[in-house]
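Structure first, then comments.
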Amino acid sequence: MFGTLLGVTLVEQLIIYQVGVIPSKFYEVLAGKDLEGFKKLLFFAGVLIILNSTLKSLDQYICSLMYVSWRRSLTEWLHTAYFQGRVYYTLNVLREDLDNP
């Protein structure tokens with residue numbers, strides 16, 4: 001999951017860079033009064049913006065999946081350590097200073 005997230009964020013940054021370069025291309029097309037170039041650039045900009053929003057959503061989804069996965073792993077490890085041996089018994093019965101272990 002981490003590798004996929006890394007790949008998605010790198011592609012997302014590349015798309016964001018391309019979106020940032022588009023305004024200068026619009027100036028060139030508008031200054032040259034190129035209607036066909038304007039239509040192509042407008043379509044290209046729309047595709048980049050849709051791709052950027054899709055990648056951003058995918059990025060957030062993968063982050064959420066990783067959060068749930070890592071939290072589950074950590075919780076299972078903590079419960080295993082807590083209930084291993086006689087730790088729970090020691091805390092629950094022998095320690096009177098703890099209210100609710």
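The values are calculated or read from the model by the stated rules, or taken from the named source; none is laboratory data. Quick caveat: nothing in here was measured; it's all calculated off a predicted structure. For neighbour counting, all protein chains shown are included, and Cβ atoms are generated from backbone atoms with ideal geometry for every residue, glycine included. The area values use the complete protein model at the heavy-atom level, side chains included, leaving out ligands, DNA and RNA. Shrake-Rupley method; radii C 1.70, N 1.55, O 1.52, S 1.80 Å.
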**Fill in**
The residue that is farthest from VAL11 (Cα to Cα), considering only those in segment 31-55 that are open to solvent by 90 Å² or more (accessible area, probe 1.4 Å) and of a type in the set (D, E, K, R), is LYS33
**Request:** Among the residues of segment 86-101, count how many are more than 39 Å from the chain's Cα centre (by Cα) and either at pLDDT 80 or above or not in a helix (DSSP H, G or I) (or both).
**Result:** 6
**Checking TYR88 against (1) over 28 Å from VAL19 (Cβ atoms); (2) in contact (Cβ under 8 Å) with a residue 12 or more places away in the chain; (3) in contact with a helix residue (DSSP H, G or I) (Cβ under 7 Å, 6 or more places away or on another chain); (4) open to solvent by less than 70 Å² (accessible area, probe 1.4 Å), the condition it does not meet** = (4)
**Message:** What are the pairs with Cβ atoms under 9 angstrom where one residue, in segment 16-32, is acidic (Asp, Glu) and the other, located anywhere, is open to solvent by 50 Å² or more (accessible area, probe 1.4 Å)? Sequence gap at least six, or different chains.
**Reply:** GLU28/ASP34
**Item:** Filter pass, ALA81 being of a type in the set (A, V, I, L, M) and more than 29 Å from the chain's Cα centre (by Cα)
**Value:** yes
